[in-house]
1. Of all residues in region 385-406, count the ones that are polar (S, T, N, Q) and not in a loop (DSSP other than H, G, I, E, B).
2. Specify which of the listed residues (584, 542, 547, 559) is among the hydroxyl-bearing types (Ser, Thr, Tyr) and under 20 Å from residue 348 (Cα atoms).
3. What do you reckon, is residue 559 assigned to a loop (DSSP other than H, G, I, E, B) and either open to solvent by 20 Å² or more (accessible area, probe 1.4 Å) or of a type in the set (A, V, I, L, M, F, W, C) (or both)?
4. Assess whether residue 105 counts as being open to solvent by less than 60 Å² (accessible area, probe 1.4 Å) and either in contact (Cβ under 8 Å) with a residue 24 or more places away in the chain or in a loop (DSSP other than H, G, I, E, B) (or both).
5. How many of the residues making up region 477-507 are of a type in the set (D, E, K, R) and over 16 Å from residue 466 (Cβ atoms)?
6. For region 438-485: of the residues being small (Gly, Ala, Ser) and in a strand (DSSP E or B), which is most open to solvent (accessible area, probe 1.4 Å)?
7. Test of understanding: among 613, 569, which residue is farther than 27 Å from residue 425 by Cβ, of a type outside the set (Gly, Ala, Ser) and open to solvent by less than 10 Å² (accessible area, probe 1.4 Å)?
Amino acid sequence: MEPMTPFKVSLKLLSFVLLCTLILPTCAYDSDDDNYVDVPKPSEQFQIGIDLAGVDPDQVIYLYSSGYFYYSLDTRGKEILDQKFFLDGRDISSGINNGSVYINGGPLDGKEHELKMIVGFKTGTGSLAELAGYEMYVGEYTFKLKFIDSSNNSAALNVRQTVDANNNLKLIWDRPQGFDVVSYEIYSNEYTPRLLATITDPDQTWFVDQSYVYGYKSYQIAARLRNSQQVKITTYYTVSYSSIEAGHIQGDRINRNSMRTQITNTNPYPCKYVVEYGYENKIVEAERSGEIVLPGGDFPSWISFHLYILPLTADVSEYKSYPYVYGSLSDRMLEAHISLAADLHGNRLVGMDFRTYYQYDVSSALPTFSKAHNLTLHTGCIMKASNTGYVVVSDSRNILYIYKDNTFNNLLFQIQTQGLFFCLTDNNLLFVQTNDGFDVYNILTGNQVGSQQLISSPDEVYSQGLVVRISSDARYLYVLRKNYYTSEKQLELYEVNPDYSLKLLRTESDAKISTIGFHPVNPRKAVIEYNDIRFSLVEVETGARTTVAGYFQNIDPFTGAVLYKAADYISGNYEVKVLDNSGTKEIWRMKLANINPFADTRLYNNLLMFNGYVMNLTK
């Protein structure tokens with residue numbers, strides 16, 4: 001505790017003349033010396049002590065422009081009669097309150113101002129003059145003050161942020177000019193400010209916070225002034241940072257059972273990550289690189305999680321005390337959600353959505369090209385590509401658009417169809433099924449080069465349905481006839497002559513046949529599907545076949561592998577299986593997520609497509 005500063009208090013004898021007329025009854029009395037008492041004259045002066053809570057009263061004192069000036073007096077046992085305070089001659093005594101005086105509106109001009117304190121004490125003589133209030137000690141002291149704005153002094157420090165040599169957050173500021181700074185205090189500006197550091201070197205105008213890694217954080221930096229009553233020049237500073245958003249958390253499936261996400265954090269601060277996921281709040285600590293591996297469920301899979309960002313030295317068990325962001329990870333969804341086709345000529349996939357054409361890398365299914373279109377489409381519209389690079393697209397009006405290549409820049413021609421099956425052949429033909437047969441067009445010229453009627457009378461159009469398919473080399477043709485009245489079905493195999501006339505090779509009747517299609521890789525093979533949950537892989541020329549129980553999906557046009565759903569798929573065993581290109585050996589099986597049992601699955605170069613999502617089976 002600082003000793004009190006003494007100052008002298010001098011005796012003041014106050015006198016005045018009182019003129020009055022008193023009308024009193026006449027009385028006489030004798031004077032007696034016993035009625036007079038001699039009172040010792042008080043001393044001319046004495047010293048009292050003043051304490052300003054450790055502040056040197058003889059130096060310039062810093063105060064807030066509106067606040068209390070605190071003081072304590074050692075009166076040496078003398079009783080205080082009165083106190084007065086004057087700021088630059090202005091009486092502010094009304095602000096006196098039990099050891100303090102409130103100063104309101106001290107000038108913020110950077111100049112020194114005078115605060116005069118006048119204190120009156122009883123002499124303690126007991127004289128009539130003292131009892132009448134005409135005798136007292138009076139002390140006077142003048143302080144030099146400078147005022148600080150308590151509400152707006154942030155600019156004085158000019159706080160900024162940068163990083164140190166280790167990329168830790170570094171706050172720097174300017175030493176306030178015109179003030180004698182004794183220290184700096186740095187607080188975490190929370191509901192209850194928490195002191196982080198005290199810097200006693202007034203020339204060290206920086207602070208490194210190794211604990212900051214991400215998110216909102218506010219600091220309070222206070223420059224404590226010498227010879228002041230708790231007066232500080234304070235600045236509040238909020239850290240500027242880059243948010244980790246959905247686009248910064250990218251991931252994919254790395255194998256059947258695991259998914260990986262890569263976090264892109266553009267903030268420079270050294271950190272580590274903890275992921276909390278699942279109903280049981282399981283945690284996984286990420287690699288320093290920001291790579292996180294999580295268990296992957298049935299395809300397609302979705303995982304939501306909390307991504308906590310921790311300092312490198314943090315205890316992982318305390319992860320919940322650090323900032324976090326919400327994140328999610330899923331198998332990748334294709335942009336081309338309307339239709340997808342294999343472009344064997346360009347060794348890629350092509351597809352479309354309602355506004356855009358796409359090209360995809362055939363190994364990763366990542367888009368490599370996109371182009372806007374203005375077609376009117378619905379989800380049943382189809383895109384197909386030939387082995388020679390041509391692409392055909394159907395729109396909602398059953399118009400076919402034939403493009404020269406997968407850039408979709410060169411439209412060769414367009415034709416109106418009846419909305420039935422169409423395909424491109426390897427010898428540059430467009431094959432289009434009609435209600436009663438088929439038409440054939442030359443892609444290069446746009447001219448119709450062939451046509452056949454497979455129903456002889458108009459009545460048969462209404463009583464008989466047709467499924468017509470042609471091999472990729474345009475040599476063989478399958479026709480499935482369905483009698484709507486009798487449910488009879490007849491499958492016919494034809495050889496296609498150069499003039500597109502047909503030579504019947506073989507027929508078979510089976511009411512359980514549902515559809516027919518040619519093998520996309522080997523034109524000498526076909527697939528017959530049955531409505532009793534089975535399909536057959538057929539040798540076209542011999543009729544030999546291998547029958548498999550299950551729901552046929554497709555043949556991979558790149559590898560020839562056969563994809564199908566298990567026979568009890570609809571019953572809850574959501575399993576898909578893959579046979580080798582011979583169709584005789586199972587090479588892969590996997591359970592799918594129960595999200596849409598009726599959605600088709602497709603296989604392109606070992607890329608499994610389901611309900612718009614894609615997974616690489618080779619991982």
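1. We begin by selecting, within region 385-406, every residue polar (S, T, N, Q); these are 386-388, 394, 396, 398, 406.
When the remaining residues are screened for being not in a loop (DSSP other than H, G, I, E, B), the result is 394.
Here the count works out to 1.
2. Values: 584 fails: under 20 Å from residue 348 (Cα atoms); 542 fails: under 20 Å from residue 348 (Cα atoms); 547 fails: under 20 Å from residue 348 (Cα atoms).
Within the list 584, 542, 547, 559, the selection yields 559.
3. On the way: assigned to a loop (DSSP other than H, G, I, E, B): yes; either open to solvent by 20 Å² or more (accessible area, probe 1.4 Å) or of a type in the set (A, V, I, L, M, F, W, C) (or both): yes.
Answer is yes for this residue.
4. Values: open to solvent by less than 60 Å² (accessible area, probe 1.4 Å): yes; either in contact (Cβ under 8 Å) with a residue 24 or more places away in the chain or in a loop (DSSP other than H, G, I, E, B) (or both): yes.
Spelling it out, residue 105 is indeed open to solvent by less than 60 Å² (accessible area, probe 1.4 Å) and either in contact (Cβ under 8 Å) with a residue 24 or more places away in the chain or in a loop (DSSP other than H, G, I, E, B) (or both).
5. Our first condition is that a residue be of a type in the set (D, E, K, R); within region 477-507, this holds for 481-482, 488-489, 492, 495, 499, 503, 506.
Now narrow it down to the ones that are over 16 Å from residue 466 (Cβ atoms): 495, 499, 503, 506.
Qualifying residue count, region 477-507: 4.
6. Our first condition is that a residue be small (Gly, Ala, Ser); within region 438-485, this holds for 446, 450-451, 456-457, 463, 465, 471-472, 474.
Okay, now just the ones that are also in a strand (DSSP E or B), so 450-451, 465.
Working: 450: 10, 451: 62, 465: 6 Å².
In this case the residue turns out to be 451.
7. Residue meeting the stated conditions: 569.
Residues checked against (1) in contact with a Pro (Cβ under 7 Å, 6 or more places away or on another chain); (2) open to solvent by 20 Å² or more (accessible area, probe 1.4 Å); (3) not assigned by the TED database to the domain that holds residue 90:
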residue: 112; (1), (2), (3): no, yes, no
residue: 115; (1), (2), (3): no, no, no
residue: 120; (1), (2), (3): no, no, no
residue: 125; (1), (2), (3): yes, yes, no
residue: 139; (1), (2), (3): no, no, no
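The values are calculated or read from the model by the stated rules, or taken from the named source; none is laboratory data. Bear in mind that the values here come from a model prediction, so they are computed numbers and not experimental data. Neighbour counts are summed over all protein chains in view; Cβ atoms, including those assigned to glycine, are modelled from backbone coordinates with ideal geometry. Note: areas computed on protein heavy atoms with side chains; ligands, DNA, RNA excluded. Shrake-Rupley method; radii C 1.70, N 1.55, O 1.52, S 1.80 Å.
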